[in-house]
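Values quoted throughout were computed directly from the atomic coordinates according to the rules given, and no laboratory measurement underlies them. Not measured: the values here are computed from a predicted model. Reconstructed Cβ throughout: ideal geometry from the backbone, glycine too, with neighbour counts over all protein chains shown.
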Amino acid sequence: MVEKLAPKKRKAVLGVEVDKKSYDLSRPLSTIKSPSAVEAKVPSAVEAKVPSAVEAKVPSAVEVKLLTFDDEAGKEIFWHSSAHALAQALKRLYPKIQLEDGPVVKNGPGYFFYDVLLDEKINEDAFEKIEAEIQKVVRENHPIHRKVMERKDAVQKFKAMGEDLKVGIIERLPADAEISIYEQGEFADLCRGPHVPSTGKLGVFKLTTVAGAYIGGNAENQMLQRIYAVSFPDKQMLKEHFRLLEEAKKRDHRRLGQELELFTTSEDIGPGLILWLPRGNIIKEELETWAKDTEAAHGYERVTTPIVTKEKLFYTSEHLPHYTESMFPPMQMDNENYYIKPMNCPFHHTIFGHRPRSYRELPLRLAEYGTCHRYEDSGALMGLMRVRAMQMNDAHIYSTEEQAVEEFKAVIRLHEYYYKILDIKDYHMVLSLRNPESKKYHGEDAMWKKAEALTRQAMEESGVEFIVENDGAAFYGPKMDFQIKSSIGREFTSSTCQLDLFMPMKFDLKYVDKDGSLKRPVCIHRSPLGTHERFVGFLIEHFAGAFPTWLSPEQVRILPVNEVHEAYAKNLADELRKEKIRVHVELPEESLGKRIRSAEKMKVPYMLVVGDKEVEANIINARNYFTGAQKEFSQDEFLKMIQEEIRLKKITAMVKKQQ
RNA sequence: GCUGCCUUAGCUCAGCCGGUAGAGCAUCUGCCUUGUAAGCAGAGGGUCGUCAGUUCGAUUCUGACAGGCAGCUCCA
């Protein structure tokens, strides 16, 4: 069983950091390839019993920081070594096991995992046994040694151990790579490190799940078993971790969607097909109205196009046969194949091209709430976040090449506006470029160069922070994505924009320029609110179900204390309804306490209890859900206050404790 | 699609070794006439995801399928 762990264990020194790079404690700094550290020697104090993270200066002005579990880098070392301890335990229990790789992960069902190859299926029944063996490894307190090896020696060593997968990894390493192995007791692993000084520095472990993962992340390859786990310096931290996970689950949109009666699905209808319930539909339509108004104010024009089309359209766009597997299969009518549309762009291109266009019309911004259907892999479906029928906040902007950067920048500003109103701060942006090696991308090199340069210019001039990915572009153009996180930390693309020079060419789109010459427009695909399925799913978690009043399905709930107050309550409700406030009267068929509880559970922004006092003085007593504060108003004051709150799309920070 | 796991009332979940099921909440009906998070009592509600197989007998064991969960792959 788990031995008693010293509470100070989290303060254990796990490694060192030099010039922002982490290393093992055991590794002499003189071996570290860091220009400023070459001359440095590890101060002997490093090995000493330093009780907490301190900064130690060594003579050459190199900053050496001791890492503990409180440091991000310290955590990483801790979990990385934890993965080794897991592997060591697995190897003891399953001698035939082959190890692949065991990295630290930020977002996942654990903090680290180990990928293994084993005929026998490891399932949750085995977890306890494995955990016990890991704790044994910890208790045995093996010192961890780093060893640099020649490539052929390393190959020989792992071959002898029967670790063919490791041999494969070594062989794939670049020729100049330093090959290091880490040894602890009878166990040795190919690894770059760094690691903790000994297994005794590790704490308590809990395996979380086992899943499949392809070797090298390639679906054509064999599937390994991926064993996820978490570890912490002490039991309390482990417990706290699982408590926080439970908290996060309460925000899960699938759970809140049911509790708040926002949406549902049905086996009879099909996976990934959402039924919006009246309450959820209000949220979706409020967003829609907002987006339509906003887009109208930004010069967008609305169009409507059909859900089905002849297959020719998708051959022109080259989505077929590229995406055949992700489309609902075709239906035959009049000797033609018709497809349900997976996207709106080819329709908009067709609209653009239906008559000659003048440069005077550009930029032309065609917007549509088009419902698209994609046959997503069954394993990829997830609540509202990944569905097969989706309503897109779509638009395509056709502009001259000279206008493209400005238009793209305007799209970025539009995103910033939406995100600001909704108080979305936790997101990051990605610029996805083409990998010239890959055959996935269509079009000429010059076209790609230009499209990528224009996109980058727009993003840079907008001053936004972004990371660059070198193989994530759409097949027709570079992509700018807004990435958001779900309550459990999984990442999703909330919005994607592309600057496209390819489709205008495919659809032979042109406009007449000032000088009478025919030119190709640039097309910008954009969808700031993404699909409303995913976006509402995200908002449910973002607001933990407590939607700001303007979005809330029910804005006011009136609770008459008893029958004599019903008339006043109903009259009040009528007055508010006339002003388009979403209000519901909960008649005294249940006790007041129960009705109050129910209003709270449904997270209704304003709860109005109406009793003798209110009727006599003709006033309103409103409790604000977000703050928990109760306040008296005249009917006029209340109406003005709530209308203003709705008009401003105000977000009131949650003050009261959620139950 | 792949790997593993899960599926019992509208919801959350009990149900040891095979002998046709239970709780809380919700719903309905009474009583109560309520002042800021659950008043009391009673009732209804389940072909135990579906279809096969094993068995005298399957919610329980086996298989297939469906739906869901986690991960991988994919994501116009």
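Inter-part distance, the stretch A:108-183 to the stretch A:322-385, computed on C-alpha centroids, equals 48 Å. Between the residues A:319, A:395, A:330, the greatest Cα displacement towards the positive end of the dipole of the stretch A:312-449, with unit charges on the Cβ of Lys, Arg, Asp and Glu, is found for A:395. The Cα atoms of the stretch A:513-611 give a gyration tensor whose axes a ≥ b ≥ c have a/c of 1.5 or more with a/b greater than b/c, which makes the shape prolate.
Summary of the geometry: the stretch A:482-531 and the stretch A:240-257, compared by the centres of their Cα atoms, lie 35 Å apart. Normalised by the number of residues in the stretch A:76-248, the average gap of Cα pairs under 8 Å and 6 or more apart makes the relative contact order 28 percent.
Counting pairs of alpha carbon atoms under 8 Å apart in space and at least six apart in sequence, what relative contact order in percent does the stretch A:203-323 give?
Rounded, it is 13 percent for the stretch A:203-323.
Loop-located GluC sites (Glu not before Pro) in the stretch A:133-221 (DSSP state not H, G, I, E or B) with no more than 12 neighbouring Cβ atoms inside 10 Å: A:150, A:178, A:186, A:220. Taking the longest Cα principal axis of chain A as reference, the axis of helix A:151-160 is set at about 90 degrees. One equal scatterer on each Cα of the stretch A:397-507, no solvent, Debye formula: the resulting log10 I(q)/I(0) at q = 0.19 Å⁻¹ is -1.00. Placing +1 on the Cβ of every Lys and Arg and -1 on the Cβ of every Asp and Glu, with nothing else charged, gives chain A a dipole about its Cα centre of roughly 1140 debye.
Along the Cα-to-Cβ line of residue A:20, 7 Å from the Cα, sits a label point; which residues in the stretch A:458-499 have backbone N less than 18 Å from it? Backbone N within reach: A:465-468. Under 20 Å from a point placed 7 Å out from the Cα of residue A:312 along the Cα-to-Cβ direction: which residues of the stretch A:500-538 have their backbone N that close? Of the residues in the stretch A:500-538, A:503-510 have backbone N under 20 Å from the label point off residue A:312. With a Förster radius of 25 Å applied to the beta-carbon distance between residue A:275 and residue A:255, the computed FRET efficiency rounds to 0.90. Full extension of the chain between residue A:641 and residue A:400 yields a length gain of 82.2 nm, computed as 0.36 nm times the residue separation minus the alpha carbon distance.
Its Cα centre serving as origin, the stretch A:76-248 has a Cβ charge dipole (Lys and Arg +1, Asp and Glu -1) of approximately 360 debye. Note that the stretch A:311-320 has calculated 3J(HN,Hα) couplings of 5, 3, 4, 7, 6, 4, 7, 6, 5, 9 Hz, one per residue in order, obtained from phi through the Karplus relation 6.51 cos²θ - 1.76 cosθ + 1.60 (θ = phi - 60°); glycine and proline are x. With a Förster radius of 51 Å applied to the C-beta separation of residue A:592 and residue A:288, the computed FRET efficiency comes to 0.90.
Expressed per residue, the C-alpha convex hull volume of chain A stands at 230 Å³.
Between residue A:145 and residue A:514, the simple spin-label model (points 7 angstrom out along Cα→Cβ) gives 7.8 nm.
Return the calculated 222 nm mean residue ellipticity for chain A, to the nearest 500 deg cm²/dmol, obtained by summing -39500 (n - 2.57) across DSSP H runs with n ≥ 4 and dividing by the residue count.
Numbers: 17 runs with 208 residues, N = 659.
Rounded to the nearest 500, it is -10000 deg cm²/dmol.
Rounded to the nearest 10 degrees, the inclination of helix A:532-542 to the longest alpha-carbon principal axis of chain A is 70 degrees. Taking label points 7 Å from Cα along the Cα-to-Cβ direction, residue A:176 and residue A:298 give a separation of 4.6 nm.
As an equivalent ellipsoid, the stretch A:584-649 spans semi-axes of 20, 17, 9 angstrom, where each value is the square root of five times an eigenvalue of the C-alpha gyration tensor, largest first. In this simple spin-label model, placing a label point 7 Å from the Cα along the Cα-to-Cβ direction at both residue A:136 and residue A:566 gives a separation of 7.2 nm.
Angle of helix A:127-140 to the longest C-alpha principal axis of chain A, folded into 0 to 90 degrees and rounded to 10: 40°.
Please compute the contact order of chain A in relative form: average sequence separation of alpha-carbon pairs under 8 Å and at least six residues apart, divided by the residue count, as a percent.
Working: 1208 pairs, mean separation 61.4, N = 659.
It rounds to 9 percent for chain A.
Amide H contacts of residue A:610 (H built 1.01 Å from N, in plane; Pro and chain starts excluded): A:559, A:561 sit under 5 Å, all sequence-distant by 5 or more or on other chains. Which FRET efficiency value, to the nearest 0.05, do you get for residue A:242 and residue A:488 by plugging their Cβ-Cβ distance into 1/(1 + (r/R0)^6) with R0 = 22 Å? For R0 = 22 Å, the calculated efficiency reads 0.95. Take the alpha-carbon centre of the stretch A:389-455, take the same for the stretch A:579-643, and report the distance between them in whole Å. Taking the Cα centre of each part, the stretch A:389-455 and the stretch A:579-643 sit 45 Å apart.
As a ratio to 2.2 N^0.38 Å, the alpha-carbon radius of gyration computed for the stretch A:309-358 takes the value 1.23. Taken about its Cα centre, the stretch A:398-526 carries a charge dipole of about 300 debye when Lys and Arg each add +1 at the Cβ and Asp and Glu each add -1 at the Cβ.
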